[in-house]
Each structure stands twice: as C-alpha cells, then as structure tokens.
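What follows is calculated from the coordinates using simple rules that are stated; it is not laboratory data. Small disclaimer: the values here were computed from a predicted structure and weren't measured. Every residue, glycine among them, receives a Cβ derived from its backbone with ideal geometry; neighbour counts consider all protein chains shown.
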Amino acid sequence: MDPFMQAAIEEAQKGLAEGGIPIGSVIVHDGKIIGRGHNRRVQEGSAIKHGEMDAFENAGRQPAKVYREATLYTTLSPCAMCSGAILLYGIRKIIVGENETFMGEEELLRSRGVQVDVVHNATCVALMKQFIADKPELWNEDIGE
Ligand SMILES: [Zn+2]
C-alpha cells in the first residue's frame, strides 16, 4: 500500500484508540510528511478538528509554494470545511481513502482544478462502518446532522 495512505490510516487508528472518530490525514511535500493528524473533535471538544484540519494545524504555517506542491491524504472524502481549507491553501492533489460511508465535496474540489484520487481502501471503509455502527450519534454530530 501507499506508505502515505498507510500513515493516514495509522492516524485514524490512533484517533479511534483515543475514543475519537477514526479519520486520519497526512500532508506530503517533496516525498516527506510535513503534517499529520486525526479527528480530535471528541478528544478536544473541538468544533473544527477534523483529520485534515488537524494535519494542516500540525504542518503549521507554510509558504504558498509548499501547499501548491503538496499532496493531502485523507482516509475519508473531505467535508465542506476541509475542502475549503484545501482550496484556500491551493492544494492541487488529494488522495482519498474512501467515499462509500461519506461523500464529501469531491465535485467542488474537481470543479476548482484539484485532482481527487479515490483509492477505495478496504481498511478505511471498515474503520468508518464499524464506528458509525457503534456510535451513530457521534458520527452525525461530526457531519452536522
Ligand atoms: Zn472535514
């Protein structure tokens, strides 16, 4: 498997072990992970710490050039908030673990020129399916439903 998707899955698993929502993300530039994170809404009582947002936060301030050259990996199709951050910072390519359990703003991203590759990873699907079955109320809260 792509080692960067593997790293994003490890972040998701870390989040699950903490009692959180199992979604992870890494940002890769020049063959190296410059930011990694996982959904921390439950852990930190946060309204904004989705996996992708946590990876952006962990990467810290970066020059525009770095974002433009970076690839963001996420275990789940990115929601409107995270897609907004991807557009804001000009990320041009994202790799999505799965979009079966949640379809994010992939069309919006593509319409704005972002390359969106969905890899249909079975581990990503299994993590979310199990979580949604176990804690449907937490999941609905995460996607604003
Ligand atoms: Zn999100």
Residue span D134 to A64: 0.36 nm per residue of separation minus Cα-Cα distance leaves a gain in nm of 21.2 nm
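Please tell me which of these pairs span more than 19 angstrom C-alpha to C-alpha: K49/K129; K65/K93; K14/K49?
Working: K49/K129 21 Å; K65/K93 14 Å; K14/K49 14 Å.
Among K49/K129; K65/K93; K14/K49, the Cα-Cα distance tops 19 Å for K49/K129.
Based on Cβ point charges of +1 for Lys and Arg and -1 for Asp and Glu, what charge dipole magnitude is obtained for the chain about its Cα centre, in debye rounded to the nearest 20?
Numbers: 15 positive and 21 negative charges, 117 e Å.
Charge dipole, the chain, about its Cα centre: 560 debye, nearest 20.
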Of all alpha-carbon pairs in region 26-94, indicate the percentage at a distance above 16 angstrom. 39
For the chain, what is the largest minus smallest coordinate of the Cα atoms on each principal axis, given in angstrom and ordered from greatest to least? 41, 30, 27
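Fewest to most neighbouring Cβ within 10 Å: what's the order for C79, C124? Working shown, then result.
Numbers: C79 20, C124 27.
By the 10 Å Cβ count, ascending: C79, C124.
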Most fluctuating residue given options K135, K14, K93, as computed from a GNM of the chain linking Cα atoms under 10 Å: K135
Span from the region 105-128 Cα centroid across to the region 23-87 one, whole angstrom: 14
Round to the nearest 10 and give me the degree value, 0 to 90, for the angle of helix 122-134's Cα axis relative to the longest principal axis of the chain. 40
